[in-house]
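One structure below.
Read-outs: derived from the displayed coordinates by stated rules, not from any lab. Quick caveat, the model's predicted, so the values are computed rather than measured. In this analysis, Cβ positions are derived from the backbone assuming ideal geometry, glycine residues included, and neighbour counts consider all displayed protein chains.
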């Protein structure tokens, strides 16, 4: 190798030395600066991938929240529909409950009995009821139809209690005391 250097002229050696020096400087630059930038690039790329995953997770979470919001919105509309269609208004409950019971009585050809009304506070928030107690009498099949009509009435009319006052087993004639509850929602 020394013999090769001896064959070169001084100017060629100088050019070769500068070239080697530039090569060494380039290698040092590559190792210290270029590799650092390469590492920085990969770190930034990993960070970018993590942020893309975070954004995707946020979009998924946002979509889930939108679905949940829509479910709550539908539930709110359902509750509003229940309040409007199945519950009584607090101010008009006595008249409305009386009219609804009259409808059921007339559908079943039962004369309207004397009705006793009571307000009841329930432990459920904003929902209360009013009970109506009355005696009715008739044959078993008529009373059964009357109870069926009460249970299937469009508003929430719930039979809370049935007391048998008189039972005639020979004729099938019954005299019963019913307690019916109508529910209202306090706004």
Most fluctuating of 71, 40, 98 in the GNM of the chain (C-alpha, under 10 Å) is 40
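What does the highest-first list of 145-155, 43-53 look like by mean Cβ count within 10 Å?
145-155, 43-53
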According to the square roots a ≥ b ≥ c of the eigenvalues of the Cα gyration tensor, what is the shape class of segment 142-187, taking rounded for a/c under 1.5, prolate for a/b larger than b/c otherwise, and oblate for the remainder?
oblate
To the nearest 500 deg cm²/dmol, what mean residue ellipticity at 222 nm is calculated for the chain from DSSP H runs of n ≥ 4 alone, each contributing -39,500 (n - 2.57), summed and divided by the residues?
-19500 deg cm²/dmol
For segment 93-185, Rg(Cα) over 2.2 N^0.38 Å is 1.11
Which whole-number percent gives the relative contact order of the chain, counting Cα pairs below 8 Å spaced six or more residues apart?
19 percent
For q values of 0.10, 0.18 Å⁻¹, compute log₁₀ I(q)/I(0) with the Debye formula on a Cα-only model of segment 2-82, without solvent.
-0.60, -0.88
Can I get the semi-axes of the chain's equivalent ellipsoid? Compute them from the C-alpha gyration tensor as square roots of 5 times the eigenvalues, in angstrom, largest first.
98, 16, 11
Looking at the chain only, what percent of DSSP beta bridges run antiparallel? Nearest 5 please.
95 percent
Degrees between helix 10-29 axis and first principal axis of the chain (Cα, 0 to 90, nearest 10)
20 degrees
